[in-house]
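Worksheet: the structure to be examined is printed underneath.
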Amino acid sequence: MMTSRRRFLGSAAALAAAAPLSCGSPGGRPAPQDAPGPRPWINHDLHTHTVHSDGAHSIALHVFEARAFELEAIAITDHYTPGSRIAASEEDFNRYLDEIERERSAQNDLIVLKGAEAAALDTAGRITLDERHAAKLEWVLCDLSGGSEGIFRNTPRDKARYAENVVRAYLALCDVPYLNGIAHPFNTGNTNPPALPEDYPPALLRELAAKMAARGKVFDVMNDTIYWFQKSGISPRALTAQYVELVKVFAAAGVLFQVSSDDHRTGLGNTRWSQLVLSRAGVPPRQIVDPSSIKRHPGR
């Protein structure tokens, strides 16, 4: 997203009453067994931004704050899109990687992943990040954005066709081998017409869920999802209820999930809503990404 956003107030730690979840395996392998007793909150934030795209903080401050918040892991996923800083030149991209490596090597209490957020160009699976650059990264997300043809660009007036285009785009993204996850899926509430979670046909959702599970694509439950629905007229609690039902479909298919703040300003580590949704949807710990299992590359 190339825009600033309002932050949610409150702390991720305040979710204790919502019985959130612990971490599982990113490879789809079940954990040996779910731990008995109360579940700790998911202590990662795998979709964040810095000054290398449209975030407020340097990588150094980003990492420092994540350590202060005692997060287990973060992924720095600045935008790799036309006009963005890390896509401007090879030197800018390498500088980004070098800064992440320098900051994560200087401490041992936080997993820091080198990532990027690409954007879908159309419904056919073309994205803004190529395989050569993705090979230098450890966590690659892709979203729908203003340049996504047939979705946010030239949005169909017919809502059924619009919903079908969105799902077709996600199905195509599942075929991108170097893509790890879909960023804030179904962020389609600010368009004209809006597409709410309940507007997506269950059969299409089940088809997508099955393919995401088969291809190991992660579903990003982003804390500020309401940002993408502020123009839709839906109330925040109604969105939450609809999104929970959406997540249930993907959980039933065995899809893996991550939580994120999509931090641009001051929301790093705030994943209260994300975890509330996963808890209400009954997502088991074994279907939550385990950041410690994600392979990291020394240097660039």
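No value in this document is a laboratory result; all are computed from the given coordinates. Just so it is clear, the structure is predicted and the values come from calculations on it, not from any experiment. With ideal geometry, Cβ positions are generated from the backbone for all residues, glycine too; neighbour counts draw on all protein chains shown.
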> Ranked highest first by average number of other Cβ atoms within 10 Å, how do 46-54, 125-133, 286-294 line up?
Replying inline: 46-54, 286-294, 125-133
> Using a basic spin-label model with each label point 7 Å from the Cα along Cα→Cβ, how many nm lie between ALA68 and ASN108?
Replying inline: 2.4
>> What FRET efficiency comes out for GLU198 versus GLU149 if R0 is 22 angstrom and r is the Cβ-Cβ distance? Round to the nearest 0.05.
In response: 0.30
> Pick from LYS136, LYS231, LYS217: which residue has the top mean-square fluctuation in a GNM of the chain where Cα pairs under 10 Å get a spring?
Replying inline: LYS231
> So who's got an amide H within less than 5 Å of the one on GLY189, skipping anything under 5 residues away but keeping other chains? H placed 1.01 Å off N, in plane.
Replying inline: ALA195
>> Just to be sure I understand: with springs between alpha-carbon atoms less than 10 Å apart, which residue in ASP122, ASP224, ASP199 has the highest mean-square fluctuation in the Gaussian network model of the chain?
In response: ASP199
> Using unit Cβ charges (K, R positive; D, E negative) and no other charged atoms, how large, in debye to the nearest 20, is the dipole of segment 48-291 about its Cα centre?
Replying inline: 800
> Taking amide hydrogens as modeled 1.01 Å from N in the peptide plane, which residues meet the under 5 Å criterion relative to HIS52, leaving out close sequence neighbours?
Replying inline: none
> Residue by residue through segment 235-251, which ³J(HN,Hα) values in whole Hz follow from phi under the Karplus form 6.51 cos²θ - 1.76 cosθ + 1.60 (θ = phi - 60°), with glycine and proline marked x?
Replying inline: 6, x, 6, 5, 4, 4, 4, 5, 5, 4, 5, 4, 4, 4, 4, 6, 5
> Considering the values [x] 13.9; [y] 21.9; [z] 20.2, which represents mean projected area of the Cα convex hull in nm² as calculated for the structure under consideration?
Replying inline: [x]
> Considering only ALA203, PRO284, GLY181, whose Cα is most displaced toward the positive end of the charge dipole of segment 48-291, charges sitting on Cβ of Lys, Arg (+1) and Asp, Glu (-1)?
Replying inline: ALA203
> If the chain between ARG206 and LYS295 were fully stretched, how many nm would it gain, using 0.36 nm times the residue separation less the Cα-Cα distance?
Replying inline: 29.1 nm
> Between THR266 and ASP98, what is the label-to-label distance in nm when each label sits 7 Å out along the Cα-to-Cβ direction?
Replying inline: 3.3
> What residues qualify as long-range amide H neighbours of TYR80, i.e. H under 5 Å apart, gap of 5 or more or another chain, H built at 1.01 Å from N?
Replying inline: GLU117, ALA118
> So what J values fall out for segment 219-231 if you push phi through Karplus, 6.51 cos²θ - 1.76 cosθ + 1.60 with θ = phi - 60°, rounded to Hz, Gly and Pro as x?
Replying inline: 9, 8, 8, 8, 4, 9, 4, 4, 3, 7, 10, 5, 9
> Roughly how many whole Å is it from the C-alpha centroid of segment 150-195 to that of segment 232-272?
Replying inline: 16
> Considering the dipole of the chain built from charges on the beta carbon (Lys and Arg +1, Asp and Glu -1) around the Cα centre, which of ILE294, THR128, ILE226 is farthest to its positive end?
Replying inline: ILE226
> Once phi is turned into ³J(HN,Hα) by the Karplus curve 6.51 cos²θ - 1.76 cosθ + 1.60 with θ = phi - 60°, what whole-Hz value does each residue of segment 60-75 show in order, with x for glycine and proline?
Replying inline: 4, 5, 4, 5, 4, 5, 4, 5, 4, 7, 6, 6, 6, 7, 9, 10
> If packing is taken as the mean number of other Cβ atoms within 10 Å per residue, what is the order of 235-246, 87-98, 256-267, highest first?
Replying inline: 256-267, 235-246, 87-98
> Stretched out fully, how many nm does the piece from ARG161 to VAL51 gain, at 0.36 nm a residue minus the Cα gap?
Replying inline: 35.9 nm
>> Given an 8 Å cut-off on Cα distances and at least 6 residues of separation, report the relative contact order of the chain as a percent.
In response: 27
> Where is the GNM fluctuation largest for the chain (alpha-carbon springs, 10 angstrom cutoff): ILE59, ILE42, ILE182?
Replying inline: ILE59
